[in-house]
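Following: one structure in structure tokens, then a few remarks.
The values are calculated or read from the model by the stated rules, or taken from the named source; none is laboratory data. Owing to the predicted nature of the structure, the values given are computational and were not obtained by experimental measurement. Note: ideal-geometry Cβ built from the backbone for every residue, glycine included; neighbour counts use all protein chains shown.
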Amino acid sequence: MSLANTHAAPRASAKGEAATVLRILLSVAVFVAGWATSVAIWGIPGLYIPALALVPVIWAALLIISRG
């Protein structure tokens with residue numbers, strides 16, 4: 001029995017994958033900063049109105065995830 005084929009080949013696109021992860025993290029950081037700014041400007045409505053607006057988005061994401 002040969003053990004040569006038991007390990008996966010190393011990924012060649014580690015740099016591209018790191019760039020994608022960085023882009024996603026920066027997008028999340030900008031979103032959170034924008035939400036915090038809306039709370040600072042408009043108070044409590046700035047906190048809950050974006051959350052209510054995201055309900056359909058999260059609902060659609062859950063449907064997409066559940067369908068595979």
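Contact annotation: residue pairs with Cβ atoms under 8 Å, 6 or more positions apart or on different chains, pairing a residue in the stretch 15-35 that is farther than 17 Å from LEU47 by Cβ with a partner that is charged (D, E, K, R), are GLU17/ARG11. Pull up the stretch 3-41, narrow it to residues that are surrounded by 10 or more Cβ atoms within 10 Å (Cβ to Cβ) and of a type in the set (S, T, N, Q), then point me to the one that is modelled with the lowest pLDDT. Looking at the filtered set, the residue picked out is THR20.
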